[in-house]
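K.L.:
Quick one: the structure is below, questions incoming.
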Amino acid sequence: MYKMLSAVQIFDPTFAALYATPTHVDDLAVLTPLGMPDDEGGVDPNLLKAQLPAYLAAAAHAAINVTNVEDFSEGVLRWWRDNGKSFPAWADAARVVFAITPNS
């Protein structure tokens, strides 16, 4: 669980802009759909790595309130809705991650 939660931080643009590296893309393989080839319903890690510079450039301009959970959630989802078309592999991966139901 810790590996998964650590890996999905990359979908927060404010985190990604400061800390994301290609190694974070490799860490996403802990989530089965993100570790499978795209022809098997996954998201190709090579596409994620190729689109990483574009994602990081856009993430550098993200203005998301991280001090309030509701504002943060709305801000991240809005950011992806507004920017995801620029890096489609990342947008596909974000849809997978955002569909995960948190459980205690």
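The values are calculated or read from the model by the stated rules, or taken from the named source; none is laboratory data. On a predicted model such as this, the values are computed, not experimentally measured, just so you know. Ideal geometry is used to build each Cβ from the backbone, glycine not excepted, and the neighbour counts take in all protein chains shown. When the accessible area is computed, the model is the full protein with side chains, heavy atoms only, and any ligands, DNA or RNA have been set aside. Shrake-Rupley method; radii C 1.70, N 1.55, O 1.52, S 1.80 Å.
K.L.:
Out of Leu47, Leu56, Leu28, Leu34, which single residue is at pLDDT 90 or above and not aromatic (Phe, Trp, Tyr)?
P.N.:
Leu56
K.L.:
Okay, moving on. Taking Ala16 as the residue in question, decide whether it is surrounded by 13 or more Cβ atoms within 10 Å (Cβ to Cβ) and not in a helix (DSSP H, G or I).
P.N.:
no
K.L.:
Look at Pro53 and say whether it is surrounded by fewer than 13 Cβ atoms within 10 Å (Cβ to Cβ), closer than 18 Å to Leu5 by Cβ and free of Cβ contacts under 8 Å to residues at least 12 places away in the same chain.
P.N.:
Answer is no for this residue.
K.L.:
Next question. Which residue out of Ala63, Ala89, Ala99, Ala58 is in contact with a Leu (Cβ under 7 Å, 6 or more places away or on another chain) and of a type in the set (A, V, I, L, M)?
P.N.:
Ala89
K.L.:
OK, next. Residue pairs, Cβ under 7 Å, 6 or more apart or interchain, first in segment 64-75 and touching a residue at least 24 places away in the same chain (Cβ under 8 Å) and loosely packed, with under 10 Cβ neighbours inside 10 Å, second polar (S, T, N, Q) and assigned to a loop (DSSP other than H, G, I, E, B). List them.
P.N.:
none
K.L.:
Looking at segment 76-90, can you tell me whether even one residue there is in a helix (DSSP H, G or I), open to solvent by 70 Å² or more (accessible area, probe 1.4 Å) and either touching a Lys or Arg at 6+ places or on another chain (Cβ under 9 Å) or modelled with pLDDT under 85 (or both)?
P.N.:
no
K.L.:
Also, quick follow-up: With respect to Val8, determine if the residue is of a type outside the set (Asp, Glu), out of contact with any Lys or Arg (no Cβ under 9 Å at 6 or more places or on another chain) and open to solvent by less than 80 Å² (accessible area, probe 1.4 Å).
P.N.:
Yes: the conditions hold for Val8.
K.L.:
Could you tell me which of the residues Pro102, Pro33 is in a helix (DSSP H, G or I), of a type outside the set (A, V, I, L, M, F, W, C) and open to solvent by 40 Å² or more (accessible area, probe 1.4 Å)?
P.N.:
Only one candidate passes the filter, namely Pro33.
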